[in-house]
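Peer 1: Provided herewith is a single structure, encoded as structure tokens, for subsequent inquiry.
Read the figures in this text as sums done on the coordinates, not as results from a lab. The structure presented is a predicted model; accordingly, all values stated were derived computationally and were not measured.
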Amino acid sequence: MIEAALLFTTTCYGVALLLNLWRIASGPDAADRILALDTMVINVIALLVLYGIWRGTAIYFEAAMLVAMVGFVSTVAYCRFLLRGDIIE
């Protein structure tokens, strides 16, 4: 039963990643692209956790934490660049 649930959720998150790519490519505004990129990071984190559950190892949970930290910093840096024109003051 857990295999079917993992397959279903992986498929759903894969479709969500494709929809995020579409929003990044056709976003009408830069803010929409930032939100799509941040949502894409969240979907990648979910896929890493699901893969870690499927493989039964904890290394993917640590990788998900690293992706979360890098995703947060990149989102903040991109937003600051749009608002102020530079990242570091």
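Peer 1: 222 nm [θ] for the chain, helices only, -39500 (n - 2.57) per DSSP H run of 4+, per residue, to 500? It would help to have the intermediate numbers written out before the result.
Peer 2: Details: 3 runs with 77 residues, N = 89.
Calculated from helices alone, the mean residue ellipticity at 222 nm is -31000 deg cm²/dmol.
Peer 1: Taking 8 Å as the Cα distance limit and 6 or more residues as the minimum spacing, I'd like the relative contact order of the chain as a percentage. Mind showing how you got there, number by number?
Peer 2: On the way: 63 pairs, mean separation 21.0, N = 89.
After rounding, I find 24 percent.
Peer 1: Viscosity 0.890 mPa s, temperature 25 °C: Stokes-Einstein D of the chain from its Kirkwood Cα radius, in µm² per second? Display every interim value, and only then the final one.
Peer 2: Details: Rh = 14.3 Å.
Using the Kirkwood radius from Cα pairs, D works out to 171 µm²/s.
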